[in-house]
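The values are calculated or read from the model by the stated rules, or taken from the named source; none is laboratory data. From a predicted model like this one, the values you see are computed outputs, not experimental measurements. Every residue, glycine as well, gets a Cβ built from its backbone with ideal geometry; the counts of neighbours run over all protein chains shown. Protein only, heavy atoms only, side chains kept; ligands, DNA and RNA dropped before computing areas. Shrake-Rupley method; radii C 1.70, N 1.55, O 1.52, S 1.80 Å.
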Amino acid sequence: MSDFPEQAAEMLQRLRGATPRVHCLMNTVVHKLVADGLSALGAIPSMTYAIDEVSSFVAKADALVVNLGTLDDQRRQAIRLALDTAHDEAKPWVLDPAHCDYSPPRATFAQELLALGPAVLRANASEFVLLSVPDPVVGVRTGASDLVRQGERSLAIENGHALTAKVTGTGCLSGAIIAAFLAVERDALQAAAAAMLVVGVAAEIAGKTAQGPGSFEPAFLDALDRIGPAEITTRARVAHAQS
């Protein structure tokens, strides 16, 4: 664990060198923030849900994120098509079961998707308790401290800023950033933890100049664009995760 910040910094450099493509089946409310955040970090986003082309977009992507934030019958169908392609093409993918704690049918669908084997589940505490996370899926439970766990392996990322909770879509963006890191790192726990560390450090940098949520969002995007190894290694606060 002591050298994890250096590993995370190295992963960030690899990501920027590779410019991975991330296809985002995303909450429609947050498309622009997620696309801008991935682009600022150094990845290439795509967003289509269209039934006749989603499989082609996933086939060309390096990773996929499935977010249930705005869910309807067409999106359910698109998700299934996307995951068929991800399975056939061995693409890593992230599940974000957004608001599954609000809706029993959504929670059931999220559990069905978990059985299909995402590399990572990203959820908040109230969503997490509803779902049974199978091995070897990495669980990322977000909160004041982000807990990243895979079996007996665990890390707690303690970086972050309170204003992230006041900007709609920052959690959705973190799921997409995890997918970007999965595109360049085969160890899913390391990739997920590195992504959450980068998000947390960028949020702290943005929070130093932001006057509120309105100014935090552009400052956060600027921080994702400018963040480098020095910021990661000097600001990282990482510990063993607690249950």
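What the table shows:
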item	result
Enumeration of residues in segment 99-130 that are more than 21 Å from residue 165 (Cα to Cα) and in contact with a Cys (Cβ under 7 Å, 6 or more places away or on another chain)	106, 107, 110, 130
Checklist (1) surrounded by fewer than 20 Cβ atoms within 10 Å (Cβ to Cβ); (2) without any contact (Cβ under 8 Å) to a residue 60 or more places away in the chain applied to residue 158, failing item	(2)
Filter pass, residue 101 being in contact with an Asp or Glu (Cβ under 7 Å, 6 or more places away or on another chain) and open to solvent by 40 Å² or more (accessible area, probe 1.4 Å)	yes
Qualifying residue in segment 82-90 (condition: at pLDDT 95 or above, of a type outside the set (Ser, Thr, Tyr), crowded, with 20+ Cβ neighbours inside 10 Å and under 16 Å from the mean Cα position of the chain (by Cα))	no
Hey, residue 215 within 19 Å of the chain's Cα centre (by Cα) and among the hydroxyl-bearing types (Ser, Thr, Tyr) or not	no
Residue 118, sole failed condition from (1) surrounded by 20 or more Cβ atoms within 10 Å (Cβ to Cβ); (2) out of contact with any helix residue (DSSP H, G or I) (no Cβ under 8 Å at 6 or more places or on another chain); (3) not in a loop (DSSP other than H, G, I, E, B)	(3)
Residue within segment 13-20 that is crowded, with 20+ Cβ neighbours inside 10 Å and either in a helix (DSSP H, G or I) or of a type in the set (Val, Ile, Thr) (or both) present	yes
Residue list for segment 21-60, filter: polar (S, T, N, Q) and either open to solvent by less than 10 Å² (accessible area, probe 1.4 Å) or at pLDDT 95 or above (or both)	39, 46, 48, 55, 56
Strands (runs of 3 or more DSSP E) contained entirely in segment 127-243, each with at least 1 residues that are over 23 Å from residue 98 (Cβ atoms)	153-157
One residue from 140, 129, 120 being over 12 Å from the mean Cα position of the chain (by Cα) and of a type in the set (Val, Ile, Thr)	129
Inter-residue pairs, beta-carbon under 6 Å, first open to solvent by 50 Å² or more (accessible area, probe 1.4 Å) and in segment 202-223, second not in a helix (DSSP H, G or I), 6+ apart	213/167; 217/167
Number of positions in segment 85-103 that are within 23 Å of residue 123 (Cβ to Cβ), of a type in the set (D, E, K, R) and out of contact with any helix residue (DSSP H, G or I) (no Cβ under 6 Å at 6 or more places or on another chain)	1
